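The values are calculated or read from the model by the stated rules, or taken from the named source; none is laboratory data. Keep in mind it's a predicted model, so treat the numbers as computed, not measured. As a convention, Cβ positions derive from the backbone with ideal geometry for all residues, glycine included, and neighbour counts pool all protein chains shown. For accessibility, only protein heavy atoms count, side chains too; no ligands or nucleic acids. Shrake-Rupley method; radii C 1.70, N 1.55, O 1.52, S 1.80 Å.
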Amino acid sequence: MEIKIKYRGKEQTLTFEKEKITAGDILKAMGLSPEYAFVVKNGEIAQEDETVSPQDEIKVVNAISGG
Amino acid sequence: MAKLKKGTRCSICKAKGEKEKAVVFLPHHRLALCRKHFVSWFEKRVEKTVKEFRMFSKKDRILVAVSGGKDSLSLWNALVNLGYQADGFYIDLGIDQYSQDSKQLALSFSEKIDRPLHIVSLKEELAPIPVIDTVSNRPACSACGTVKRYYMNRYAKELGYNIIATGHNLDDEVAVLFGNTLHWDVNYLKRQYPVLEEEDGFVRKVKPLCKITEKESALYAFFNGIEYIEYECPFSEGASSIEYKELLSRLEEKHPGTKLQFYTNFLKNMYPILKEHEKKEKPKKCIICGEPTYADICSVCKMRERLKKAV
Ligand SMILES: [Zn+2]
Ligand SMILES: [Zn+2]
């Protein structure tokens, strides 16, 4: 399954082997921890076990910043 | 942050007999909160921190260092909502697209909350960061920090503000504390307190978000519809603070509350010991610009000299 996401102002596509994808899978695929990152699905915070589909508008927020 | 179980209700709503679904879970505070109660929890926590460290009162005029990032905008939003007199100060660092984008976001936010944003252009004052970087022998981030502190302090006085507030959050403070402890850099550790008192030419500096994590600050921005610059400054690439933050977040995952304890116990147990041994040196006035410095010429004036020579 392919999921389009927005991350730090850019579009990206993630490809998964399985068909049931959760917000937690997205973070894992991007190497981000829920400790400092979260997924926004259709404008709302998605919990880690929440499923996402290619139709959803997905944004990933990474709260870590440098400086 | 640990998982929120399906169907968990907001802890505060539940206590009031309401049924709002929780959207955020804060394991180290054992709180599951709905959007509304997360926002009020955040603001109360900021207010508590302001009072705990006696940072300022409603009478003070506060200048918030605004970078266009989530922390500074969240801080500004929270302070205004809490009824403090807080205006913004933005330094255009002249870092291409990054500066243009962050300035635009800072400006539209200032319009949204209807508070003034003072803008200073580093290009007009000195030189843009990419140029400073070519003559500086330090990493760009450290030169950048120096010029930001300098102009912030100078303009706060000129514009009549008696408090400078910066958006440093718990993760920033913990990453710096961790780095300084790894190197046992006692001189830096001695100054790591969320309040730097006013003294000869230095305006009082405070960090009201020092007990707010980076994620909490991003969530607060998200719930308030605050648009901020999400991509990193191109000069900050490879910063060790990011590495420390990732490392510490792995500890936090296993042991919620580690970061907060590391920081607050430092302030409680270690800082007083370090402070006691501090030989207090009085700042002098820079012989060129008159701003406070511990040398004869301040570091920004030194930078200007170097820039002149480089031309
Ligand atoms: Zn609630
Ligand atoms: Zn000077």
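Scanning segment B:114-131 for residues that are open to solvent by less than 60 Å² (accessible area, probe 1.4 Å) and touching a Gly at 6+ places or on another chain (Cβ under 9 Å) returns B:Leu117, B:His118, B:Ser121, B:Leu122, B:Ala127, B:Pro128, B:Ile129, B:Pro130. Quick one: in segment B:273-311, of everything that is within 30 Å of B:Glu52 (Cβ to Cβ) and within 16 Å of ligand 2 (Cβ to nearest atom), which residue is most open to solvent (accessible area, probe 1.4 Å)? Among those that are within 30 Å of B:Glu52 (Cβ to Cβ) and within 16 Å of ligand 2 (Cβ to nearest atom), it is B:Tyr294. If the condition is being away from every other protein chain (no Cβ under 14 Å) and either of a type in the set (D, E, K, R) or in a helix (DSSP H, G or I) (or both), then segment B:126-137 contributes B:Pro130, B:Val131, B:Ile132, B:Asp133, B:Thr134, B:Val135.
A quick yes/no check of all residues on (1) over 23 Å from A:Gly9 (Cα atoms); (2) open to solvent by 10 Å² or more (accessible area, probe 1.4 Å):
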residue: B:Val176; (1), (2): yes, yes
residue: B:His183; (1), (2): yes, yes
residue: B:Glu199; (1), (2): yes, yes
residue: B:Val206; (1), (2): yes, no
residue: B:Glu216; (1), (2): no, no
residue: B:Tyr271; (1), (2): yes, yes
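Just one of the numbered conditions (1) open to solvent by 10 Å² or more (accessible area, probe 1.4 Å); (2) within 16 Å of ligand 1 (Cβ to nearest atom); (3) at negative phi; (4) more than 14 Å from every other protein chain (Cβ to nearest Cβ) is not true of B:Cys13: (1).
B:Leu4 fulfils the conditions (1) in contact (Cβ under 8 Å) with a residue 12 or more places away in the chain; (2) open to solvent by 50 Å² or more (accessible area, probe 1.4 Å); (3) out of contact with any helix residue (DSSP H, G or I) (no Cβ under 8 Å at 6 or more places or on another chain) except for a single criterion, (2).
Picking from B:Asp92, B:Asp87, B:Asp96, B:Asp101, which residue would you name as being touching a residue at least 24 places away in the same chain (Cβ under 8 Å), of a type in the set (Asp, Glu) and in contact with a helix residue (DSSP H, G or I) (Cβ under 6 Å, 6 or more places away or on another chain)?
Numbers: B:Asp87 fails: in contact with a helix residue (DSSP H, G or I) (Cβ under 6 Å, 6 or more places away or on another chain); B:Asp96 fails: in contact with a helix residue (DSSP H, G or I) (Cβ under 6 Å, 6 or more places away or on another chain); B:Asp101 fails: in contact with a helix residue (DSSP H, G or I) (Cβ under 6 Å, 6 or more places away or on another chain).
Sole residue among the options that is touching a residue at least 24 places away in the same chain (Cβ under 8 Å), of a type in the set (Asp, Glu) and in contact with a helix residue (DSSP H, G or I) (Cβ under 6 Å, 6 or more places away or on another chain): B:Asp92.
Per this entry, B:Ala86 is not counted among residues that are more than 29 Å from B:Lys254 (Cα to Cα), in a helix (DSSP H, G or I) and among the small types (Gly, Ala, Ser).
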